[in-house]
Amino acid sequence: MSDIHRSSLNLTLVVLAVAGVSGLSGCGSFDGASTRIAGIVSPYKTDIVQGNVVTREQMALVKPGMQKAQVRDILGTALLVSVFHADRWDYVFTLKQQGAPNQSRKVAIFFKGGVVEHIDADALPSEAEFVATLKSPSLPSSTPVLEASEETLKKFPLPSKPAVAPTVPVTAPTDYPPLEATRP
C-alpha cells in the first residue's frame, strides 16, 4: 500500500472517530435540554377512562333485597364477576387525566340467594360532580368575533340576483318497454 493510501485511510478513520464521538456527546446533553423544556412544553396525553361510572344517584336506587337483574339495569354489567365469588359483583372505575390527580372508585355488591345482601362502596360523586371533572382544558381567551357588524357589512357590495331560467314542464313517458323480453 502506498503512503498516500495509508494517509487517506488514517484521515478517514480519524474523521469517522471524531464524528462518532461528537454524535454520542450530543445524546448526553439532550436529556438536560428535555428536562429544561418539560416545564414549558408538554405532550398531549389523552384521558383514559376505564370501568363503570357509578354515581351517588345510581347507588341510591340500589337497595338490599333487589334482584341481580334489577341491579344490572341500574348500574350496568359489573366489570368483575369472579368464578370463585359468583355472589359478588365489583364495579371499578379509574380516570387518568393530564394535569389532574388519578381517580379510582370501587363498589362491591354482595348477593345472597340472588338478591342484594349488602353493598361496600367508596365515596361516590354526584353526576354533576363527575361531569365537572371531565372538563377539557380551556381554550385560548382570544376567540375571534363570529358576527359582522352593520358597518362591516356595508363595505361589501350586495350580491346580484341570479337570472331565473324558464322552467320547462317535464312530462312522464307514456310508452314503456316491456319488463321481460318476448320469446319467439
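The values are calculated or read from the model by the stated rules, or taken from the named source; none is laboratory data. These numbers come from a predicted model, not from an experiment. Here the Cβ is made from the backbone with ideal geometry for all residues, glycine too, and neighbour counts use every protein chain on show. Ligands, DNA and RNA are excluded from the accessible area calculation, which covers all protein heavy atoms including side chains. Shrake-Rupley method; radii C 1.70, N 1.55, O 1.52, S 1.80 Å.
Brief remarks on what is shown
- The calculated FRET efficiency for residue 181 paired with residue 161, based on their beta-carbon distance and R0 = 41 Å, is about 0.20.
- Heavy atoms of residue 57 accessible to a 1.4 Å probe, total area in Å² rounded to 10: 80
- Largest-first principal axis extents of the Cα set of the range 69-109 (Å): 38, 23, 11
- The GluC sites (Glu not before Pro) of the range 148-184 meeting both criteria, a DSSP state outside H, G, I, E and B (loop) and at most 14 other C-beta atoms within 10 angstrom of the site's C-beta, are 180.
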